[in-house]
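Working notes for the structure below.
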Amino acid sequence: MTLPPLVHNPTYSFDFDPRHRFPMEKFSLLHSYLQESGHITSKNLFRPGKCRQDILAGAHCPNYIDRFSHNQLDRQELRRLGLPWSAGLVHRSWIAPNGTLLTAQLALRYGLACHLAGGTHHAHREFGSGFCVFNDLAVAATAMVERQQVKKVLIFDCDVHQGDGTASILSDQKRVFTCSIHAEKNFPARKALSDLDVPLPSGMGDTDYLHTVEQTLVGLLESVKPELVLYDAGVDIYCDDPLGLLNISLAGIRERDRVVIQACLDRGVPVATVIGGGYDRDRPALVRRHAMVIEEACRLYPQIG
């Protein structure tokens, strides 16, 4: 295979209010964009199915899973989630975590794999939050270590918002190391405690940001010695993202993705990427930003083997 494995399911985008803050259509648009650009072929595209109940319950309370799935969340819970309940939301929410798990498994086999969704890091064990129903990063990491596919996982979260749900769910999981590099004064107002939090000042630009990302990752690869990295490549760090507070350019986003993937490849550590957050109402522009991590993965993939 000359391109890295890419993971996608058409149900990631479903009939959803286009006026909503969350850009649900970006997943199908990203798939189309990558297909048109030649990064997706019949040989490197993988389609996940529904997550097993026991795997989902490795990160989430069974009662929460059941109540969400059967439209039994109360008004306050739905407000905290930030998404209107629908059968389509339930269907995609049961599949997306399995997509990240499949991406992680493919990364172990091929050295590098990318999910065209994922990064729902605000979902906690017993509730959804911030447009996140189930926490795919926590689900995948827990499944990988509990099934003894790896001994140590590093979750390297570069979304502009702190991965509070991931940190909370995995606080007692010693085989998963959580790192969140995020804007200090952004959502959530009440931060959780990751194994390593790197809060950034509002308005930070490319030079300082890229130095922080690289130095943090290299240090963790050497100290944690993970057998797998789950990389949340959120593009809400972009200077014009309506929900971000950093000042990162398009070139800065691409360089960050290159640096992260290259650092893992140089050390022979498999890396699975997810796209994370991005909220621009200019959907084509947003999709081009999300595509950067996949484009860099495709460019660097020939180095493996």
> Name the pairs: first residue in the stretch 273-284 and touching a residue at least 24 places away in the same chain (Cβ under 8 Å), second residue part of a strand (DSSP E or B), Cβ to Cβ under 6 Å, at least 6 apart or on different chains?
Replying inline: T273/C114; T273/Y231; V274/H115; V274/D232; G276/D232
> Which residues, taken from the stretch 240-280, are in contact with a Leu (Cβ under 7 Å, 6 or more places away or on another chain), surrounded by fewer than 24 Cβ atoms within 10 Å (Cβ to Cβ) and in a loop (DSSP other than H, G, I, E, B)?
Replying inline: L246, R267, V269, P270, Y279, D280
>> For the stretch 92-143, which positions are touching a Lys or Arg at 6+ places or on another chain (Cβ under 7 Å) and more than 15 Å from F22 (Cβ to Cβ)?
In response: W94, I95, N98, F127
> Does F27 satisfy the criteria of being touching a helix residue (DSSP H, G or I) at 6+ places or on another chain (Cβ under 7 Å), farther than 20 Å from A104 by Cβ and either in contact (Cβ under 8 Å) with a residue 60 or more places away in the chain or among the β-branched types (V, I, T) (or both)?
Replying inline: no
> Which residue pairs have Cβ atoms closer than 8 Å, lie 6 or more positions apart in sequence or on different chains, and pair a first residue in the stretch 155-182 that is under 16 Å from T120 (Cβ atoms) and surrounded by fewer than 24 Cβ atoms within 10 Å (Cβ to Cβ) with a second residue that is of a type outside the set (F, W, Y) and modelled with pLDDT of 95 or more?
Replying inline: S168/H124; S168/R125; S168/A192
>> Just the residues that are of a type in the set (G, A, S) and surrounded by 24 or more Cβ atoms within 10 Å (Cβ to Cβ), please, taken from the stretch 115-142.
In response: A117, G118, G119, A123, G128, A138, A140, A141
> Among the residues of the stretch 145-204, which ones are farther than 25 Å from L108 by Cβ, in contact with a strand residue (DSSP E or B) (Cβ under 8 Å, 6 or more places away or on another chain) and of a type in the set (G, A, S)?
Replying inline: A183, S202
> Applying the selection to the stretch 193-216, what residues are surrounded by 18 or more Cβ atoms within 10 Å (Cβ to Cβ) and either within 18 Å of V153 (Cβ to Cβ) or of a type in the set (V, I, T) (or both)?
Replying inline: S194, D195, L196, D197, V213
> Can you find even one residue in the stretch 58-68 that is touching a His at 6+ places or on another chain (Cβ under 6 Å) and either buried (at least 24 other Cβ atoms within 10 Å of the Cβ) or modelled with pLDDT under 95 (or both)?
Replying inline: no
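The values are calculated or read from the model by the stated rules, or taken from the named source; none is laboratory data. Given the structure is predicted, the values throughout are model-derived calculations rather than measurements. Positions of Cβ are backbone-derived with ideal geometry, glycine not excepted, and every protein chain shown enters the neighbour counts.
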